[in-house]
Amino acid sequence: MQQAARSIRVPRKLQRSTCRLFHNSSSLGSSNPSGRTTSFGFKTVPEESKESLVKGVFDSVASKYDLMNDASSLGVHRLWKDSLIDTLKPGRKGPLRCIDVAGGTGDIALRILDHARENYADRETTVEIVDINAQMLKEGFTRFKKTMYHNTPQVSFHEGNAQELPPSQFKDDSYDLYTITFGIRNCTSIPAVLREAYRVLKPGATFACLEFSKVNNPLLSTLYDQYSFTVIPLLGTILAGDRDSYQYLVESIRKFPSQPEFAQMIRDAGFSTGGDFDGGAWTDLWGGIASIHTGVKV
């Protein structure tokens, strides 16, 4: 029986994971009851193992997540997130009920609420932040304690799995906007996440995903690969004392589907999208280093 997602009020103190994921992942192959495998970076692991492996990564990096994003992208991830919110314009057509999945640190939720308030005097839009990782939610809760939204109905925190949101808590046809930012590639089953997004959204509501993608320019792609595989793991070692987790994050980007492939997955889940080109089903940022994908529930 599916367990209900756990709402987070005051996250309890959790011990930081001490497992070294890349050293241990090979041993997990000995227990694979389903016989199905998936990718964990460049490694192939049993489907049953990926969730715990990814949890270990984010347990390890949670407290340094924003710092490392700033360092590894030279702060550009903030511009990409701003572009996502500018595209969606939350509050323009009135208050929204939003769900931000894999949004533990709360930066997208905060942007949604600020945009609605600052541009449209909207103090009724709400965001439910859902993340499978309690450590990430703890970071988000701390972030919101410093804002005017703390202890208001506008934001809430829930520990839950994007692939199987409990229907008793996350009901069918309930939300006006679903966002997931730099998170869907870490899920075991992307189609399952998309099906759940379709289920919880109202007809006519919007699905929006910001994710690292495929760089089409050969020169930029080469430079980007050199930077990703040398500089980012090194920064992980220097700033977070954790090379392995950042090596995984770089590898997971390379395993994510191309823009047309992901757009087709979104349509397969039932959403309507634009055409298969930049400016249609997706919008490339910085030459495709990241992309914004949107779909409408029909």
Residue span D278 to D70: 0.36 nm per residue of separation minus Cα-Cα distance leaves a gain in nm of 72.3 nm
Could you state the number of Å between the C-alpha centres of segment 109-130 and segment 63-90? 17 Å
How high is the relative contact order of segment 176-219, in percent, with contacts defined as C-alpha pairs under 8 Å that are six or more residues apart? 56 percent
Is the shape of segment 128-217 best called rounded, prolate or oblate, per the rule: a/c under 1.5 gives rounded, else a/b larger than b/c gives prolate, else oblate, with a ≥ b ≥ c the square roots of the Cα gyration tensor eigenvalues? oblate
Most exposed first by the Cβ proxy, i.e. fewest other Cβ within 10 Å, how do W282, W80 rank? W80, W282
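Using a simple charge model, +1 on the beta-carbon of Lys and Arg, -1 on the beta-carbon of Asp and Glu, nothing else, what dipole does the chain show about its Cα centre, in debye to the nearest 20?
Dipole magnitude for the chain comes out near 660 debye.
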Looking only at lysines whose Cα falls under 19 Å of K214's and that sit 8 or more positions away or on another chain, we get K81, K255
Could you point to the residue in L234, F58, G295 farthest towards the positive end of the chain's charge dipole, with +1 and -1 charges on the Cβ of Lys/Arg and Asp/Glu respectively? F58
Antiparallel as a % of all DSSP beta bridges within the chain, to the nearest 5? 50 percent
Cα shape, segment 171-231, gyration tensor, a/c 1.5 rule: prolate
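Tell me the mean residue ellipticity at 222 nm calculated for the chain from its helices only (DSSP H runs of n ≥ 4, each -39500 (n - 2.57), averaged over every residue, nearest 500). Can you show the working numbers first?
On the way: 10 runs with 124 residues, N = 298.
The helix contribution divided over the chain gives -13000 deg cm²/dmol.
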If you take the charge dipole of segment 48-178 about its Cα centre, with +1 on Lys and Arg Cβ and -1 on Asp and Glu Cβ, which of A134, P167, A71 is farthest toward its positive end? A71
Extension gain from W286 to K145, taking 0.36 nm per residue of separation minus the Cα-Cα distance: 47.5 nm
Take D82, D131 and order them by how many other Cβ atoms sit within 10 Å, fewest up front. D82, D131
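Taking 8 Å as the Cα distance limit and 6 or more residues as the minimum spacing, I'd like the relative contact order of the chain as a percentage. Intermediate values should be presented prior to the final figure.
Numbers: 530 pairs, mean separation 58.0, N = 298.
Value for the chain: 19 percent.
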For R199, R111, what's the fewest-to-most ordering of other Cβ within 10 Å of each Cβ? R199, R111
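Compute the relative contact order of segment 106-247 as a whole-number percentage, counting only Cα pairs closer than 8 Å that sit 6 or more residues apart in sequence.
Working: 146 pairs, mean separation 24.5, N = 142.
RCO, segment 106-247: 17 percent.
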Listed values [x] -0.30, -0.48, -0.83; [y] -0.44, -0.66, -0.96; [z] -0.33, -0.52, -0.93, entry calculated as log10 I(q)/I(0) by the Debye sum over Cα atoms at q = 0.08, 0.10, 0.13 Å⁻¹: [z]
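Read the figures in this text as sums done on the coordinates, not as results from a lab. A quick note: this is a predicted structure, and the numbers were derived from the prediction, not measured. As a convention, Cβ positions derive from the backbone with ideal geometry for all residues, glycine included, and neighbour counts pool all protein chains shown.
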